[in-house]
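Here the structure is laid out as structure tokens; the discussion comes afterwards.
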Amino acid sequence: MRGTMMDFPLTLIPIVERAGKLFSGVEIVSRRPDRSITRCTYGDVYRRARRLARALELAGLQRGDRIATLMWNHAAHLEAYLGVPVSGGILHTLNLRLHPDELAYIANHARDRFLIVDDALLPVFESFRARAPFERVFVAPFAGCNALPAGCERYEDFLAGADDNFTYPAIGENDGAAMCYTSGTTGKSKGVVYSHRAIVLHSFAECIEGGFGIRNSDVILPASSMFHANAWGVPFTAAMVGAKLVLPGPHVGAEDLLGLMESEKVTLGCAVPTVWIGVVAALEKEPERWKLPHPPRVVCGGSAVPESLLRGLDRFGIRLTHLWGMTETTPLATTGQIKSTLEDSSVDEKYKIRAKQGISSPFVELRVMRPEGQAPWDGEAFGELEVRGPWVASSYFEAPETKDRWTQDGWFRTGDVATIDAEGYVKIVDRSKDLIKSGGEWISSVDLENALMGHPAVREAAVIGVPHPKWQERPLAVVVLKDGARVEPQELREFLAAKFAKWQLPDAFAFASEIPRTSVGKFLKTKLREQYAHWKWDS
């Protein structure tokens, strides 16, 4: 017997309507390139998003057409987040930090039809414009530039040319709503098309306690990029519950974020670990400067969170929740909450738990696979992490050569090497390509990095495997010191020796002013391996 419930499609249309009708007075704050602040409301964004949908309709938008954006985090980008999917189009956020060749490839592979670009990012657009497929280009006013390149149109004129007679098309919950390409650190970038249903369910998952816990009373600062992985889905979730958004534009330095946290009374911040490492450094340097009477909680993903970062933020009352996900998982898959049954654990044990990637979100299933089969949940046996669930991709966009990334029984092979303990907590040991094979044994670069960043002199550290004439590979640690700090390699080795076997310790330390990063803020180890490929080991 079937249930007697309505067949109500899970699309973004009710989220847009809810934001406009129930939360019309809630503020959206945007910071411009000159650091000035502009303010609008969900009511403004609702009206403009519907007008954008109508303008696209009048421009001849066909169902499933890709509308690209090349934009920072600000209100006009939020309009596109909401307006494009409910028009029947697919929002395709272009990663503005990619190389022009990669941007041209992605735009052509996606077959983007229109582009909305910030005036501040016109130089980026011009770098690949000659190879781009865009039929029309709309320039949004963000930096206040008056010049309009030939062949481009003003975004505001495009909206003004539409009326308010917009009727939502019949959209199915499995229709595409948004699109993002992986960052392409190995091979060509691959496209993921998020369905309306996936985004809606993902938004609900971000509201639960133990996840992001997003609620109407929150003031959210997404320093995670709106041009990658949907800013972790936060714009959609915030619109659904009517939470105030503080959009930082291009400025995500520590002082910029702390200033916004203070002035806007932020309750929730979202960013990668390198951002929060900078925030801790700024707070430690000038603890009296920043007044955060109600310190925000923060969520952090993108790469492993060192225990030292958790402890550092805790000293200032800022509670960090570790999470894990990928472009392919919309992206939330796990969160590092402390389960109620573990609340009596010691302080140190709780930090160890919080430093793990966490337990799976509702409806997300995880397993660790080894050549001989599924690994036990013992926290020791590691293998490739596989995932499935209602907001996990089942394929890449028009990339049949990648079908081996999915198992025959439908699980996505993440490429992450992990363990799962008896409580269900996932610990990412490494990316499969970043594990170090030394003398037949595997060494986790992530564990070494997180331990090194616990040394009081170390700001950041990345560990890579470098070819060795005897041992195949040996670990080399690339270290960035805190301002004014000095330390000898032997001291760092002794610091690590308390936690690692002798054969696991780095054989050498290279001191650098910075560590290269990917377009989304992760350590770019491919670049480091190129840079140190010919390292001369001591005989």
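Within region 336-367, the set of residues being out of contact with any Asp or Glu (no Cβ under 6 Å at 6 or more places or on another chain), of a type outside the set (Val, Ile, Thr) and either assigned to a strand (DSSP E or B) or in the same structural domain as Ala451 (by TED's automatic domain parsing) (or both) comprises Gly358, Ser360, Glu365, Leu366. With the condition kept exactly as written, say whether any residue in region 494-512 is without any contact (Cβ under 8 Å) to a residue 40 or more places away in the chain and under 18 Å from Val275 (Cα atoms). Within region 494-512, not a single residue is without any contact (Cβ under 8 Å) to a residue 40 or more places away in the chain and under 18 Å from Val275 (Cα atoms).
Report yes if some residue within region 359-375 is more than 24 Å from Val463 (Cα to Cα), at pLDDT below 95 and of a type in the set (Lys, Arg); otherwise report no. Taking every residue of region 359-375 in turn, at least one turns out to be more than 24 Å from Val463 (Cα to Cα), at pLDDT below 95 and of a type in the set (Lys, Arg). If you go through region 91-106 and keep only what is of a type in the set (A, V, I, L, M) and surrounded by 24 or more Cβ atoms within 10 Å (Cβ to Cβ), you end up with Leu91, Leu94, Leu103, Ile106. Are any residues in region 129-146 farther than 15 Å from Thr69 by Cβ and either out of contact with any Lys or Arg (no Cβ under 7 Å at 6 or more places or on another chain) or not assigned by TED's automatic domain parsing to the domain that holds Asp101 (or both), and if so, which ones? Listed by number, the residues that qualify are Arg129, Ala130, Arg131, Gly144, Cys145, Asn146.
From the set of residues in region 502-530 that are hydroxyl-bearing (Ser, Thr, Tyr) and more than 17 Å from Arg431 (Cα to Cα), which is surrounded by the fewest Cβ atoms within 10 Å (Cβ to Cβ)? Filtering region 502-530 for residues that are hydroxyl-bearing (Ser, Thr, Tyr) and more than 17 Å from Arg431 (Cα to Cα), the one surrounded by the fewest Cβ atoms within 10 Å (Cβ to Cβ) comes out as Ser513.
In region 52-62, is there at least one residue being more than 17 Å from Gly176 (Cα to Cα) and without any contact (Cβ under 8 Å) to a residue 12 or more places away in the chain? Yes, the conditions are met somewhere in region 52-62.
Condition check ((1) part of a loop (DSSP other than H, G, I, E, B); (2) closer than 25 Å to Leu12 by Cβ; (3) in contact (Cβ under 8 Å) with a residue 60 or more places away in the chain) across all residues:
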{"position": "Leu91", "(1), (2), (3)": "no, yes, yes"}
{"position": "Asp101", "(1), (2), (3)": "no, no, no"}
{"position": "Phe114", "(1), (2), (3)": "no, yes, no"}
{"position": "Leu122", "(1), (2), (3)": "no, no, no"}
{"position": "Phe125", "(1), (2), (3)": "no, no, no"}
{"position": "Cys145", "(1), (2), (3)": "yes, no, no"}
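Look at Pro306 and say whether it is in contact (Cβ under 8 Å) with a residue 40 or more places away in the chain, crowded, with 20+ Cβ neighbours inside 10 Å, touching an Asp or Glu at 6+ places or on another chain (Cβ under 9 Å) and more than 15 Å from Ile420 (Cβ to Cβ). In short, yes. Scanning region 383-438 for residues that are of a type in the set (Lys, Arg), in a strand (DSSP E or B) and either farther than 25 Å from His109 by Cβ or out of contact with any Gly (no Cβ under 7 Å at 6 or more places or on another chain) (or both) yields Arg388, Arg413, Lys427, Lys437. From the list Arg54, Arg35, Arg39, the lone residue that is surrounded by fewer than 24 Cβ atoms within 10 Å (Cβ to Cβ), assigned to a helix (DSSP H, G or I) and out of contact with any Gly (no Cβ under 6 Å at 6 or more places or on another chain) is Arg54. Would you say Ala130 is among the small types (Gly, Ala, Ser) and either more than 14 Å from Leu103 (Cβ to Cβ) or assigned to a loop (DSSP other than H, G, I, E, B) (or both)? So Ala130 does not fit the description; no. For region 216-228, does any single residue satisfy the condition of being crowded, with 23+ Cβ neighbours inside 10 Å and in a helix (DSSP H, G or I)? The answer is no, given that none of the residues of region 216-228 is crowded, with 23+ Cβ neighbours inside 10 Å and in a helix (DSSP H, G or I).
Among the residues making up region 409-423, those that are over 17 Å from Glu380 (Cβ atoms) and either at pLDDT 95 or above or of a type in the set (D, E, K, R) (or both) are Asp409, Gly410, Trp411, Phe412, Arg413. When we screen Val266, Val272, Val252 for residues that are surrounded by 21 or more Cβ atoms within 10 Å (Cβ to Cβ), without any contact (Cβ under 8 Å) to a residue 60 or more places away in the chain and either farther than 21 Å from Ala19 by Cβ or in the same structural domain as Asn450 (by TED's automatic domain parsing) (or both), the only hit is Val252. Here is a check on your reading of the model: is Val466 in a strand (DSSP E or B), over 20 Å from Gly312 (Cα atoms), of a type in the set (A, V, I, L, M, F, W, C) and modelled with pLDDT of 90 or more? It is false that Val466 is in a strand (DSSP E or B), over 20 Å from Gly312 (Cα atoms), of a type in the set (A, V, I, L, M, F, W, C) and modelled with pLDDT of 90 or more.
Per the conditions (1) at pLDDT 90 or above; (2) in a helix (DSSP H, G or I), the sole criterion not satisfied by Asn450 is (1).
Just so you know, in region 493-539 the residues that are out of contact with any Phe, Trp or Tyr (no Cβ under 8 Å at 6 or more places or on another chain) and acidic (Asp, Glu) include one that is nearest to Ala461 (Cα to Cα), and it is Glu514.
Residues are listed down the side, and each one gets a yes or a no for (1) over 30 Å from Arg529 (Cα atoms); (2) surrounded by 13 or more Cβ atoms within 10 Å (Cβ to Cβ); (3) in the same structural domain as Ala110 (by TED's automatic domain parsing); (4) among the hydroxyl-bearing types (Ser, Thr, Tyr):
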position: Met369; (1), (2), (3), (4): no, yes, no, no
position: Asp378; (1), (2), (3), (4): yes, no, no, no
position: Leu385; (1), (2), (3), (4): no, yes, no, no
position: Ala399; (1), (2), (3), (4): no, yes, no, no
position: Asp409; (1), (2), (3), (4): yes, no, no, no
position: Thr414; (1), (2), (3), (4): no, yes, no, yes
position: Tyr425; (1), (2), (3), (4): yes, yes, no, yes
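Residues that are assigned to a loop (DSSP other than H, G, I, E, B) and among the aliphatic types (A, V, I, L, M) were ranked within region 259-313; the one that is nearest to Arg354 (Cα to Cα) is Val305.
The values are calculated or read from the model by the stated rules, or taken from the named source; none is laboratory data. Fair warning: this is a prediction, and the values are worked out from it, not measured in the lab. As a convention, Cβ positions derive from the backbone with ideal geometry for all residues, glycine included, and neighbour counts pool all protein chains shown.
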